[in-house]
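Asks: Quick one: the structure is below, and I'll ask about it shortly.
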Amino acid sequence: MRFVAPGLYQLDRLRISNAYLLEGPGGDRWLVDCAHRLERWRLLAELRRSGLRPSDLSGVLLTHRHSDHAGNARYLQERFGVPIAAHRADAEILAGRQSRPRLHRRAGTRIAGAFAVLENRWPARHLEVDRVLEDGDTLGGLDVYWMPGHTPGSVFYRHGPTGALFSGDTIVTAIPPLTIREGLSLPYSSYTDDMALALTSLAGFHARGVPYEHLLPGHGPPLVGGARGTVLAFLEEEQVVPADEEKGP
Ligand SMILES: [Zn+2]
């Protein structure tokens, strides 16, 4: 586990996407995202190395339903009874009650196109989410912000005590799925259901002045310290937020 802030760790050895462990004051332990099924053994090995069994987890909070983030949700739930939490819009798709938007290759690279095909063909396995989240909910000390666009039920989770913002794929620090280029990036178009909506969500969130210190994305290294200012400058550059946006804390 890689230390990010007190009680907050990034799981090592995951190559396809990030997962994070958050320790609560009462001994509770939450995972934010749970890796692609191809990396199941890496996920389990990382937990084991920290002296944790999957059944020790209080739950998994999904940033969204894509297979590289929710790939082991059904397995952890079925095999170890780990409760799974996700926003209602993605929970409905995960349960198979809502149709799954298909990804298109669009302007993506060849490798991105190949991963889009994989996602279409082998999405995260169906499951009934144990805790359905809505905008404004709090779970495991994390505040839920609905950020539709990348998927209908994408969310940000904000952890007040550490100042961490878990951003899933709505803003990342590397081009997924493999790190082709590092640096802040908008959601990758090949994997995003509604880009315009994702950008509106990003602008809306930052207009609310919600403070955060560290950005913990679904892909790429965490941005530790002063993350909000860095992200705002990037969003101005990309013309997602107006240049005169109040920078806030
Ligand atoms: Zn995604």
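Any read-out appearing in this document is the output of simple, stated calculations on the displayed coordinates, not a laboratory observation. Keep in mind that this is a model prediction, so the values were computed, not measured. Every residue, glycine among them, receives a Cβ derived from its backbone with ideal geometry; neighbour counts consider all protein chains shown.
Asks: Could you tell me what % of all Cα pairs in the range 1-48 have separations over 18 Å?
Replies: 23
Asks: Listed highest first by mean packing, meaning other Cβ atoms within 10 Å per residue, what order do 136-147, 211-222 come in?
Replies: Listed from highest to lowest mean packing, they are 211-222, 136-147.
Asks: Positive end of the dipole of the chain, charges at C-beta (+1 Lys, Arg; -1 Asp, Glu), about the Cα centre: which of Ala35, Thr63, Pro222 has its Cα farthest in that direction?
Replies: Checking the options against the dipole of the chain, the answer is Ala35.
Asks: Looking at the chain, what % of the alpha carbon pairs are farther apart than 23 Å?
Replies: 44
Asks: Shifting gears a bit: For the range 185-234 and the range 60-112, write down the distance between their C-alpha centroids in whole Å.
Replies: When both Cα centres are located, 20 Å separates them.
Asks: So, one more: Could you sort the peptides 184-190, 24-30, 196-202 by per-residue average Cβ neighbour count (10 Å cutoff), highest mean leading?
Replies: With the highest mean Cβ count within 10 Å placed first, the list reads 184-190, 196-202, 24-30.
Asks: Quick one: among Glu39, Glu182, Glu237, which has the greatest mean-square fluctuation in a GNM of the chain with alpha-carbon springs under 10 angstrom?
Replies: Ranking Glu39, Glu182, Glu237 by mean-square fluctuation puts Glu237 first.
Asks: Please list, in order along the range 28-42, the HN-Hα scalar couplings obtained from phi with the Karplus expression 6.51 cos²θ - 1.76 cosθ + 1.60 (θ = phi - 60°), rounded to whole Hz, x for Gly and Pro.
Replies: My calculation for the range 28-42 gives 7, 9, 10, 9, 9, 6, 9, 6, 6, 4, 5, 10, 4, 5, 5 Hz in order.
Asks: Okay, next question. Among Ala227, Ala19, Ala207, determine the one that fluctuates most according to a GNM of the chain built with springs between C-alpha atoms less than 10 Å apart.
Replies: Ala207
Asks: What residues qualify as long-range amide H neighbours of Ser17, i.e. H under 5 Å apart, gap of 5 or more or another chain, H built at 1.01 Å from N?
Replies: Long-range HN contacts for Ser17: His36.
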